[in-house]
């Protein structure tokens, strides 16, 4: 694998430790899906799986096919062995900023974003439904790192407390600030949640082109149908692994899948805090984070739509 940039810093948060990438031997053609939490991660993993297996014959569920590399609750030796044993084209999940993981010019990096206010509200649903025993596992796995504030367990619904937790562990602005300078690189593709909602097939075709994947005309209807939220929720119900982590299982994890949920939920002080986070971004990055490519009329690399 042709590494063009090694990590320049570590990203260690309550769930994540980017140093775990050192145990992963990258291969040419590997796909890395990097997102802030609750911004379309699992959706994009499902899209890539549907494109890799256009006949719908993926050998297992997304959780096994596309493991989360930085997840501290999984022993890294076990995860590295799992990834090394995979013989299909690999697509690996990451929540790390772009300067915290190895970048290879013969790899493919899909970075996915969502209006951060909606991501925050989605995180509140995520935390409200997360089982206490799972929160305990996360906190215990992170306890070896000094200075990490544990997740409150259980969360009592205080959105100010949640905002602190989210801004520390899930910040979309920190993530985007690291990837935005890479938007012209041919091995990086920017995807936005709002664009997926507005034109799922078009965005999936764009992802397929980026990954050099061929899907026949007669396969496309089923390939896209598998990636609608109801279909993904049903598939996750059948797989069952989400049931361990969340009350309500897949119905809680795939909650609504809509934009604008933050309106009437976040207070003015919370919106001001979020605006201060966004103000740290370049203007074009901030506009794209809120509206997506279809909303601003061009792609992050400057291509018009």
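Bear in mind these aren't lab numbers, they're just calculated from the coordinates by the rules spelled out. These numbers were taken from a predicted model, which means no experiment stands behind them. Don't worry about glycine lacking a Cβ; one is built from the backbone with ideal geometry, like all the others, and counts go over all protein chains shown.
Return 124, 66 ranked ascending by Cβ neighbour count within 10 Å, so the fewest neighbours appear first. It would help to have the intermediate numbers written out before the result.
Numbers: 124 22, 66 26.
Ascending number of Cβ neighbours within 10 Å: 124, 66.
Does the stretch 166-234 come out rounded, prolate or oblate by the C-alpha gyration tensor, with a ≥ b ≥ c the root eigenvalues, rounded set by a/c under 1.5 and, if not, prolate when a/b is larger than b/c and oblate if not? The partial results should precede the final answer.
Details: a/c = 3.06, a/b = 1.48, b/c = 2.07.
In terms of gyration-tensor shape, oblate.
Find, to one decimal place in angstroms, the Kirkwood hydrodynamic radius of the stretch 181-220, where the mean of 1/r is taken over every pair of different Cα atoms and then inverted.
Details: mean 1/r = 0.0887 Å⁻¹.
So the Kirkwood estimate lands at 11.3 Å.
Treat each spin label as a single point 7 Å out from the Cα along the C-beta direction, and report the residue 225 to residue 60 distance in nm.
Between residue 225 and residue 60, the simple spin-label model gives 2.7 nm.
Counting only DSSP beta bridges with both residues in the stretch 18-153, what percent are antiparallel, rounded to the nearest 5? Intermediate results must be reported in sequence, preceding the final value.
On the way: 0 of 9 bridges.
Taking every DSSP beta bridge with both residues in the stretch 18-153, the antiparallel ones total about 0 percent.
Using Cα-Cα distances under 8 Å and only pairs 6 or more residues apart, what relative contact order does the chain have, in percent? Mind showing how you got there, number by number?
Working: 441 pairs, mean separation 76.4, N = 305.
That works out to 25 percent.
Could you run the Debye sum over the Cα atoms of the chain, one equal point scatterer each and no solvent, and tell me log10 of I(q)/I(0) at q = 0.16 Å⁻¹, two decimals?
The Debye formula, applied to the Cα set alone, gives -1.58.
Tell me the volume per residue, in Å³, of the convex hull enclosing the alpha carbons of the stretch 15-118. It would help to have the intermediate numbers written out before the result.
Details: hull volume 11.2 nm³, N = 104.
Hull volume over Cα atoms, normalised by residue count, gives 107 Å³.
Can you report the principal axis dimensions of the stretch 118-214 using only the alpha carbons, biggest first, rounded to whole angstrom?
The principal-axis extents, from largest down, are 45, 28, 25 Å.
Sort the stretch 74-147 into rounded, prolate or oblate with this rule: let a ≥ b ≥ c be the square roots of the eigenvalues of the Cα gyration tensor; rounded if a/c is under 1.5, and if a/c is not under 1.5, prolate when a/b is larger than b/c, oblate otherwise. Working shown, then result.
On the way: a/c = 1.89, a/b = 1.26, b/c = 1.50.
Oblate.
Most exposed first by the Cβ proxy, i.e. fewest other Cβ within 10 Å, how do 50, 267, 18 rank? Let's see the in-between values first.
Working: 50 25, 267 11, 18 22.
So the ranking, lowest neighbour count to highest, is 267, 18, 50.
When DSSP assigns beta bridges and you keep just the ones with both residues in the chain, what percent turn out antiparallel, to the nearest 5? Display every interim value, and only then the final one.
Numbers: 6 of 20 bridges.
Antiparallel: roughly 30 percent of the beta bridges in the chain.
If R₀ is 45 angstrom, what is the calculated FRET efficiency for the pair residue 296 and residue 77, using the beta carbon separation as r and rounding to 0.05?
Working: r = 44 Å, r/R0 = 0.98.
The formula returns an efficiency of 0.55 here.
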